[in-house]
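The structure under discussion appears below in the form of structure tokens.
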Amino acid sequence: MSSTNKTSNLGLNSWIESDKPKRTDFVYDNTVIDRVLGNHVNDGNIHLTEDEKTKVQSPFVIHTIYGTGTATLNVKLGFVPSMVMIFKKNAPFCQDQGSYTKVNAGVVTPSGTTGGISTSKDTVILQETDTVQDGSIYSLNQEYAQYMLIAFR
């Protein structure tokens, strides 16, 4: 005989002293528990993946970058960013130089870039140019200059 009473949520056996539990009662209860907990644990709509947890707990990183003066500087992030912003400290984002614009800041997203900055997987590529390209010189790796880089997961 199964139990006289059942639990309110899962309908598991809740025996009283006069009940005589049987093996099939335990098998039934274990099957119900396994099904309910298994469905819950495996429900991707209510649980975050490890990557999603990281995005929630640490949605962005901030790095101070020191320019090397080379034509390009690769900054490895360790994750593929959804957006990156960089700007030279103590400098305007852009400076009118008469015949060209000196660009001291940049943004890159999956849908486009401001120029002078790009990404390749988990690496940000910063440019330092000395010739005018499309009316601009990009100054995102000036030797000894300090930059703030903000990368969003």
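Values computed for the structure shown
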| item | result |
| --- | --- |
| Sites residue 7 and residue 46 - FRET efficiency at Förster radius 25 Å, r taken between beta-carbons, to 0.05 | 0.65 |
| Relative contact order %, the stretch 1-43, counting alpha carbon pairs below 8 Å whose residues are six or more apart | 32 |
| Size of charge dipole - the stretch 71-140 - debye, nearest 20, with Cβ of Lys, Arg +1 and Asp, Glu -1, no other charges | 220 |
| Loop trypsin sites (Lys or Arg not before Pro), the stretch 15-49 (other Cβ atoms within 10 Å of the site Cβ: 16 or fewer; DSSP) | 22 |
| Where the stretch 11-153 is the region considered: accessible area per residue in Å², 1.4 Å probe | 64 |
| Choice from 29, 130, 96 with maximal GNM fluctuation in the chain (Cα, 10 Å cutoff) | 29 |
| FRET E, pair residue 144, residue 118, Förster distance 25 Å, beta-carbon r, rounded to 0.05 | 0.60 |
| Percentage relative contact order, the chain, counting C-alpha pairs under 8 Å, at least six apart | 26 |
| Rounded to the nearest 10 Å², the accessible area of residue 120 at probe 1.4 Å | 60 |
| Cut-off under 5 Å, modelled amide H: who pairs with residue 3 long-range | 14 |
| Residue 31-residue 62 pseudo-label distance in nm [points 7 Å out on the Cα-to-Cβ vector] | 5.8 |
| Inter-centroid distance (Cα atoms) of the stretch 19-58 relative to the stretch 116-153, Å | 48 |
| Pairwise FRET efficiency - residue 111 versus residue 70, Cβ, R0 = 30 Å, nearest 0.05 | 0.60 |
| Most mobile of 37, 126, 48 in a GNM of the chain (Cα contacts under 10 Å) | 37 |
| Potential lengthening between residue 79 and residue 97 on full extension [0.36 nm per residue; Cα-Cα distance subtracted] | 2.9 nm |
| Overall form of the stretch 106-153 per C-alpha gyration tensor (a/c, 1.5; a/b vs b/c) | oblate |
| HN-Hα J in Hz across the stretch 78-84 - Karplus 6.51, -1.76, 1.60, θ = phi - 60°, x for Gly and Pro | x, 7, 7, x, 8, 6, 10 |
| Charge dipole (debye, nearest 20) of the chain; +1 at Cβ of Lys and Arg, -1 at Cβ of Asp and Glu | 200 |
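The values are calculated or read from the model by the stated rules, or taken from the named source; none is laboratory data. Everything numeric here is computed off the predicted structure, so don't read it as measured data. Glycine also receives a Cβ, built like all others from the backbone with ideal geometry; neighbour counts cover every protein chain displayed. Remember, those area values only see protein heavy atoms, side chains included, never the ligands or the DNA or RNA. Shrake-Rupley method; radii C 1.70, N 1.55, O 1.52, S 1.80 Å.
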